[in-house]
1. Does segment 134-152 include one or more residues that are under 21 Å from the mean Cα position of the chain (by Cα), on the phi < 0 side of the Ramachandran plot and modelled with pLDDT of 90 or more?
2. Kindly indicate whether any position in segment 139-153 is touching an Asp or Glu at 6+ places or on another chain (Cβ under 9 Å) and surrounded by 10 or more Cβ atoms within 10 Å (Cβ to Cβ).
3. Within segment 37-79, work out how many residues are among the polar types (S, T, N, Q) and open to solvent by 90 Å² or more (accessible area, probe 1.4 Å).
4. What's the total number of residues in segment 80-95 that are surrounded by fewer than 15 Cβ atoms within 10 Å (Cβ to Cβ) and either modelled with pLDDT under 80 or under 18 Å from S53 (Cα atoms) (or both)?
Amino acid sequence: MSGLEQVLAVVASTTTSAVLNPALATAAPGGPTEPPPEEEEKASSQALLILVSLLIAALLTSYYLQRWRIRTVHETVLSIFAGMAVGLVLRFNSGSYIQRMVTFDHTIFFNMLLPPIILNCGYNLQKTSIARNIPSVLTFAFVGTVISAVVIGILVQIYSFT
């Protein structure tokens, strides 16, 4: 697993707890108020420090696990747990403005971060194992596509009647 995948796992797991906070999804009764510029700058600096610290921790964890040849735990698992711990600390100990700054934006993940991961995995595939298993790969690809198209078509048809 590459460093990019670990970094993305840390960022995703860090911000998951903030996304699950329903208080962030609803605005205050008086309307959303913007903090003063000094407080906004301080909060953005703290959010940046948190994310950069997690990225550095993920890279160092990966480096030392590979250097010491520790195979019992994968570096992604440690990165996810570190992100979850930081997310819990942020959820319970910080202001809502910092939580909003580190929330997970799924559109950025799916449009900018996921394609390089998929490309990296496809580039590093062992071509001999794919060639050996090409009948089962193609079977699952075509059958899965047909099943997905039928299920989505049925759901769209059902939804259009309601």
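1. No: segment 134-152 contains no residue that is under 21 Å from the mean Cα position of the chain (by Cα), on the phi < 0 side of the Ramachandran plot and modelled with pLDDT of 90 or more.
2. No, because not a single residue in segment 139-153 is touching an Asp or Glu at 6+ places or on another chain (Cβ under 9 Å) and surrounded by 10 or more Cβ atoms within 10 Å (Cβ to Cβ).
3. Residues meeting the conditions: 2.
4. So the first thing to find is which residues in segment 80-95 are surrounded by fewer than 15 Cβ atoms within 10 Å (Cβ to Cβ), and the list is 81, 85, 88-89, 92-93, 95.
Next cut, either modelled with pLDDT under 80 or under 18 Å from S53 (Cα atoms) (or both) only: 81, 85, 88-89, 93, 95.
Residues flagged as surrounded by fewer than 15 Cβ atoms within 10 Å (Cβ to Cβ) and either modelled with pLDDT under 80 or under 18 Å from S53 (Cα atoms) (or both) within segment 80-95 amount to 6.
The values are calculated or read from the model by the stated rules, or taken from the named source; none is laboratory data. A quick note: this is a predicted structure, and the numbers were derived from the prediction, not measured. Backbone-built Cβ (ideal geometry, glycine too); neighbour counts: all protein chains shown. Only protein heavy atoms, including side chains, enter the accessible area calculation; ligands, DNA and RNA are left aside. Shrake-Rupley method; radii C 1.70, N 1.55, O 1.52, S 1.80 Å.
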